[in-house]
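Step one of this worksheet: look at the structure below.
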Amino acid sequence: MIRARITGTGSYVPEKILTNKDFEKYLDTTDEWIVARTGIRERHIAAEGENTSDLCLKAARNAIDMAGIKAEDIDLIVVATITGDYPWPATACIVQNKLGAKQCGAYDISAACSGFIYALSNAVAQIESGTIKRALVIGAETLSRIVDYNDRNTCLLFGDAAGAVVLEAREGERGILSSHLHSDGSYFELLGQPAFGTAVTPTEEIVRDRGYFLTMQGNEVFKVAVKMLAEVAQEAVEANGMTVDDIDLLIPHQANIRILEATAKRMKLPSEKVYINVDRFGNTSAATIPLALDEANRAGKLKENDLLVLNAFGGGFTWAATCLRW
Ligand code: COA
């Protein structure tokens with residue numbers, strides 16, 4: 001049977017680091033509070049003029065090099081992002097051009113922090129159906145551009161990054177086994193960026209009142225996230241006739257250490273089977289999973305035939321999981 005297998009991973013984080021101490025200098029907060037409530041110690045922030053497509057490009061080149069292919073071999077580029085260079089055209093098209101890929105399909109997917117799993121499942125379906133042979137799937141965000149650095153409820157949480165994978169058609173049991181996508185739009189107001197779109201167009205008032213930044217009801221998000229992250233990961237393993245005990249490594253969306261710990265506890269999964277790097281990068285939305293996957297891969301933590309589960313939760317609300325045999 002033809003499966004989509006990850007043959008290369010790559011990632012990139014901008015050079016500039018913002019530490020908790022940097023926030024202490026001007027906000028009513030402390031390093032202790034941030035670490036205790038979120039587990040985050042630092043996050044990377046894009047330089048002026050460094051845009052999401054630039055982050056994508058660096059992550060993509062690393063993944064392509066590892067896969068040992070050329071940019072012109074790619075049949076499809078999917079970028080998961082909520083902070084594209086422009087509302088449109090798609091950041092994926094900008095990446096296609098910068099990468100020197102042939103005139104392949106290229107589009108963005110908007111599913112907030114679940115975006116990478118949504119994008120992955122979309123590319124996998126095209127490989128499994130025989131429509132394409134190779135896809136480049138990227139999760140990338142420049143959240144620093146939509147975060148209000150005077151809002152202590154949100155600004156501490158987010159960072160900028162990109163992660164990418166090359167997916168190729170391969171015979172055998174190794175590869176993506178299944179993907180599970182969910183949403184509940186009744187929660188749409190709890191986490192998002194209200195402006196600017198067709199519902200809220202730019203006005204002087206909105207710009208003056210700083211109404212164009214990311215907004216979040218943290219407590220509400222927390223409660224639903226823990227429940228859905230655990231449920232969807234369980235759904236993914238059960239769909240493949242396995243149980244949580246079969247998981248070698250869970251690579252969850254890195255939102256907050258307390259969400260990760262509560263999810264693992266709910267799943268009865270030992271903490272050593274949960275990959276965590278939120279302390280060094282914060283929440284980079286669609287980039288967290290491919291960034292963590294690349295880090296784990298390059299550190300030699302993934303062994304052939306390992307059962308990996310990726311799970312994510314984000315604005316929408318959306319939530320999703322992927323089960324894969326490495
Ligand atoms: N520094 C210091 N104190 C802060 C603070 C900060 N940055 N932000 C809030 N506080 C204070 C509050 O004012 C409150 O004080 P009070 O008890 O005197 O009223 C107290 O800390 C607790 O605030 P609360 O908002 O209940 O904190 P919390 O435990 O819910 O933590 C979040 C806040 C944002 C860290 C938490 O809700 C969270 O992680 N939510 C999920 C967010 C997320 O991951 N979103 C993305 C999902 S993809």
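The values are calculated or read from the model by the stated rules, or taken from the named source; none is laboratory data. A quick note: this is a predicted structure, and the numbers were derived from the prediction, not measured. We place every Cβ from the backbone using ideal geometry, glycine too, and count neighbours over all the protein chains shown. Each accessible area value is taken on the protein alone, full model and side chains, heavy atoms only, with ligands, DNA and RNA left out. Shrake-Rupley method; radii C 1.70, N 1.55, O 1.52, S 1.80 Å.
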DSSP bridge orientation in region 2-173 - percent antiparallel, rounded to nearest 5 | 70 percent
Take every DSSP beta bridge with both residues inside the chain and express the antiparallel ones as a percent of the total, to the nearest 5.
-> 70 percent
Length gained, LYS98-THR201, 0.36 nm per residue minus C-alpha separation, equals 34.0 nm
With all protein chains in place and a 1.4 Å probe, VAL124 shows an accessible area in Å² (nearest 10) of 10 Å²
Per the charge dipole of region 2-173 (beta-carbon charges, Lys/Arg positive, Asp/Glu negative, Cα centre), the residue among TYR26, ASN153, ILE127 reaching farthest to the positive end is ILE127
Of all accessible heavy-atom area on region 2-173, the percent that carbon and sulfur account for (1.4 Å) | 48 percent
Helical contribution to [θ] at 222 nm, DSSP H n ≥ 4, -39,500 (n - 2.57), averaged over the chain, rounded to 500 | -9500 deg cm²/dmol
For region 2-173, what is Rg from Cα atoms divided by 2.2 N^0.38 Å, rounded to two decimals?
-> 1.13
Report the label-to-label distance for GLU272 and SER183 in nanometres (one decimal), using points 7 Å from each Cα along the Cα→Cβ vector.
-> 4.0 nm
Those GluC sites (Glu not before Pro) from region 154-220 that are DSSP loop and have at most 16 other Cβ neighbours within 10 Å turn out to be GLU173
Convex hull per residue volume in Å³, alpha carbons only, for region 177-325 = 123 Å³
Using unit Cβ charges (K, R positive; D, E negative) and no other charged atoms, how large, in debye to the nearest 20, is the dipole of the chain about its Cα centre?
-> 500 debye
So what are the three principal axis dimensions of region 80-232 from its Cα atoms, in whole Å, longest to shortest?
-> 55, 38, 26
Assign one of three labels to the chain, namely rounded, prolate or oblate, based on the Cα gyration tensor with a ≥ b ≥ c the square roots of its eigenvalues; rounded applies when a/c is under 1.5, prolate when it is not and a/b is larger than b/c, and oblate otherwise.
-> oblate
Total Lys pairs in region 223-326 closer than 20 Å by alpha-carbon, pairs eight or more apart in sequence or interchain only?
-> 8
For region 91-233, accessible area per residue (1.4 Å probe, heavy atoms of protein chains only), Å² = 45 Å²
